[in-house]
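Enquirer: Structure below; questions to follow.
The values are calculated or read from the model by the stated rules, or taken from the named source; none is laboratory data. Bear in mind the structure is a predicted one, so any value in this text is a computation, not a measurement. Positions of Cβ are generated from backbone atoms using ideal geometry, with glycine treated the same way; all protein chains shown enter the neighbour counts.
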Amino acid sequence: MKHTFFKYQGTGNDFVMIDNRQNIFDKNNTKLIAHLCDRRFGIGADGLILLENDQETDFKMVYFNADGNQSSMCGNGGRCIVHFANYLGIINYEATFMAIDGLHKAKIVGNEIHLKMQDVLSVEKHQDYVFLNTGSPHHIELCQNVNQLNVKEEGSKIRYSDLYNEVGSNVNFVEKIDASNFKARTYERGVEDETLSCGTGVTAVALAMHYIGETEKNVLTIDTKGGVLSVSFEQSNGAYYNIWLIGPATQVYKGEIEW
């Protein structure tokens with residue numbers, strides 16, 4: 001039986017998107033999800049996203065990593081599903097939706113999707129890195145010449161280190177350009193490789209750079225390999241509120257596949 005899917009990307013972070021309001025998709029079939037995300041034998045994506053009905057909000061987002069396992073929050077995926085909901089006629093230019101980390105608000109402004117992230121009440125500053133959770137866990141390190149770094153190799157070492165044991169963490173390497181602009185590259189757990197962009201990672205980078213005093217700005221631009229994202233936020237007593245992840249989301253194509 002053929003099923004319809006949509007391919008989306010948000011600054012190079014790409015997803016298989018499926019309208020699952022009729023519960024057509026078997027969410028327990030990890031092999032199927034991994035197959036659909038496989039870049040050689042399937043459609044190819046960093047993850048798979050289901051749009052489902054939700055009684056309290058406009059829709060529900062269910063996100064799976066490319067390995068087939070349901071995952072924590074995906075910021076770029078959240079922006080893409082808002083675009084998808086607008087395409088389906090579920091929303092106009094504002095939305096509320098439920099994700100694994102709770103309620104999110106979003107709005108469409110021109111060609112950009114503004115996604116409100118969860119408050120971050122604590123940030124851990126260590127000697128060589130910063131750790132915080134922006135819906136997904138993120139390890140952040142400042143470095144020089146981030147473009148020259150072997151992100152897959154170095155990120156994997158940290159992701160599987162004793163710091164994070166079996167749970168693991170996403171790993172971000174950051175280069176400061178100036179007080180308002182940073183470059184970031186991310187190793188994503190579940191993908192087990194570098195992705196061109198990571199929404200929760202970019203959010204974590206912005207908050208971390210502010211927390212450790214690399215900037216006093218509360219609107220930052222983060223340059224990733226897949227494009228540019230912006231993060232705005234408010235800070236009080238070491239906690240961060242009213243956090244918005246801002247950037248483009250694009251429907252690449254619509255297709256059919258058998259499963």
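Table: residues versus (1) touching a Ser or Thr at 6+ places or on another chain (Cβ under 7 Å); (2) surrounded by fewer than 19 Cβ atoms within 10 Å (Cβ to Cβ); (3) modelled with pLDDT of 95 or more.
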site: Asp14; (1), (2), (3): no, no, yes
site: Asn23; (1), (2), (3): no, yes, yes
site: Asn29; (1), (2), (3): no, yes, yes
site: Gln55; (1), (2), (3): no, yes, yes
site: Ser71; (1), (2), (3): no, no, no
site: Gly78; (1), (2), (3): no, no, yes
site: Ala95; (1), (2), (3): no, no, yes
site: Ile100; (1), (2), (3): yes, yes, yes
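Enquirer: Further question: Scan the range 26-66 for residues that are more than 22 Å from the chain's Cα centre (by Cα) and among the hydrophobic types (A, V, I, L, M, F, W, C) and jot them down.
Expert: Residue satisfying the conditions is Phe41 alone.
Enquirer: While we're here: Would you pick out the residues in the range 81-128 that are more than 28 Å from Tyr211 (Cα to Cα), outside any strand (DSSP E or B) and not β-branched (Val, Ile, Thr)?
Expert: The answer is His83, Phe84, Ala85, Asn86, Tyr87, Leu88, Gly89, Asn92, Tyr93, Gly110, Asn111.
Enquirer: Looking at the range 126-146, I want the residues that are outside the structural domain of Thr200 (by TED's automatic domain parsing) and have a partner that is assigned to a strand (DSSP E or B) and at pLDDT 95 or above with Cβ atoms under 9 Å, at least 6 apart or on another chain. Which pairs are those?
Expert: Listed by first residue and then by second, the contacts come to nothing, as the list is empty.
Enquirer: While we're looking at this one, here's another question. Looking at the range 1-36 only, could you name the residues that are aromatic (Phe, Trp, Tyr) and farther than 22 Å from His114 by Cβ?
Expert: Hits for the range 1-36 are Phe5, Phe25.
Enquirer: State which residue is farthest from Ala204 (Cα to Cα) when the search covers only the range 153-186 and only residues that are surrounded by 13 or more Cβ atoms within 10 Å (Cβ to Cβ) and basic (Lys, Arg).
Expert: Arg159
Enquirer: Sticking with this structure for a sec: Considering only residues that are of a type in the set (Gly, Ala, Ser) and exposed (fewer than 15 other Cβ atoms within 10 Å of the Cβ), look in the range 102-115 and name the one that is farthest from Gly247 (Cα to Cα).
Expert: Out of the qualifying residues, it is Gly102.
Enquirer: Given Gln22, Gln9, Gln55, which one is farther than 19 Å from Met98 by Cβ and either touching a Phe, Trp or Tyr at 6+ places or on another chain (Cβ under 8 Å) or not assigned by TED's automatic domain parsing to the domain that holds Gly199 (or both)?
Expert: Gln9
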